[in-house]
1. With an 8 Å Cα cut-off and a minimum separation of 6 or more residues, compute the relative contact order for the chain in percent.
2. At 0.36 nm per residue, minus the direct Cα-Cα distance, what do residue 136 and residue 39 gain on full extension? Give it in nm, one decimal, please.
3. Is region 23-178 best put as rounded, prolate or oblate by its Cα gyration tensor, with a ≥ b ≥ c the root eigenvalues, rounded for a/c under 1.5, and otherwise prolate when a/b is larger than b/c, oblate when not?
4. Which of 171, 253 has the fewest other C-beta atoms within 10 Å, and how do the rest follow up to the most?
5. For each of 260, 161, count neighbouring Cβ atoms within 10 Å of the residue's Cβ, then give the residues from fewest to most.
6. At a 10 Å Cβ-Cβ cut-off, how would you order 141, 52, 271, fewest neighbours first?
7. Could you state the angle between the C-alpha long axis of helix 109-122 and the longest principal axis of the C-alpha atoms of the chain, as a value from 0 to 90 degrees rounded to the nearest 10?
8. So between residue 157 and residue 172, what do we pick up on full extension, going 0.36 nm a residue minus the alpha carbon distance?
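Just so you know, all these numbers are worked out from the coordinates, no wet-lab data involved. Bear in mind the structure is a predicted one, so any value in this text is a computation, not a measurement. Cβ sites come from the backbone with ideal geometry, for glycine too, and all protein chains shown count toward neighbours.
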Ligand SMILES: Cc1cc2nc3c(=O)[nH]c(=O)nc-3n(C[C@H](O)[C@H](O)[C@H](O)COP(=O)(O)OP(=O)(O)OC[C@H]3O[C@@H](n4cnc5c(N)ncnc54)[C@H](O)[C@@H]3O)c2cc1C
Ligand code: FES
């Protein structure tokens, strides 16, 4: 069992857990993930490693409540335990001195891009970060991301805070500007990453995305996480999750993510009923 050492509610539906997992913390690197199970009857879900403390032996995860498992996870508090916490999984993000790197994050991914921005800066890059959220109430870790960036641009879809618009707008302006952009990393909802890829493609700037297909075992055995990159089938859990954004078959990824929508909806309704919140 893996004890939750700290819980923070970053915004109403996004939570941070610091979890005691010394073996994972020993080896964790930016861009890797864990597969967790809330209890022995739970399903396995992947969550990105947002931070680690090798001395303390802890891993930080940040997750958004979207369905049954993430809602169940959100019921836990500091002192409770998670049954399984397997990792670090996936290949670490490729870090080297590229020059000027733009890190783009949407939603909960502000937390997951943090170790990447930090590592890119430590490697000698100038780091420009762009973080976007639907509205002001969903903004978190602005100061934290600023602290690991040379420049930070914040956007909200509805203009309730900072700049109004989508993250792709400042990204396009940076690419059109005088400063040479050498590398872009975009993490967030698939649709956001797809449009970041479309924004950078005409400029020929290498763009990396962290793909989030449905994963089960996370070790390359079930085939659930297959994606098509450059016309070749890859398993995101062992060949990724980072891939060249301009080579990803986005339509296939988006379609495969929707495969179990009915089952996910039914599972969530069933779980709500069990909790006494049945709407039917
Ligand atoms: C490598 C990777 C890293 C991720 N990191 C984070 C993170 O740091 N924070 C975070 O909030 N979310 C992260 N996700 C997404 C997270 O795994 C899903 O939100 C979660 O599995 C939803 O489960 P649920 O039961 O709450 O919702 P459900 O209602 O079951 O599903 C909601 C949606 O989540 C996706 N999903 C469902 N099951 C899985 C699964 N087993 N694997 C992947 N996606 C699934 C599907 O698109 C689905 O439509 C990551 C996904 C991947 C692949
Ligand atoms: S999650 Fe099973 S092969 Fe990748």
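1. On the way: 607 pairs, mean separation 43.4, N = 280.
Relative contact order comes out at 15 percent.
2. On the way: separation 97, 0.36 × 97 = 34.92 nm, distance 3.39 nm.
Taking residue 136 through residue 39 to full extension adds about 31.5 nm, to one decimal.
3. Numbers: a/c = 2.47, a/b = 1.44, b/c = 1.72.
It comes out oblate by the Cα gyration axes.
4. Details: 171 27, 253 22.
Ascending number of Cβ neighbours within 10 Å: 253, 171.
5. Values: 260 13, 161 16.
Ascending Cβ contact count within 10 Å gives the list 260, 161.
6. Values: 141 20, 52 23, 271 15.
Final ranking by Cβ density, sparse to dense: 271, 141, 52.
7. 50 degrees
8. Values: separation 15, 0.36 × 15 = 5.40 nm, distance 1.61 nm.
Gain on stretching residue 157 to residue 172: 3.8 nm.
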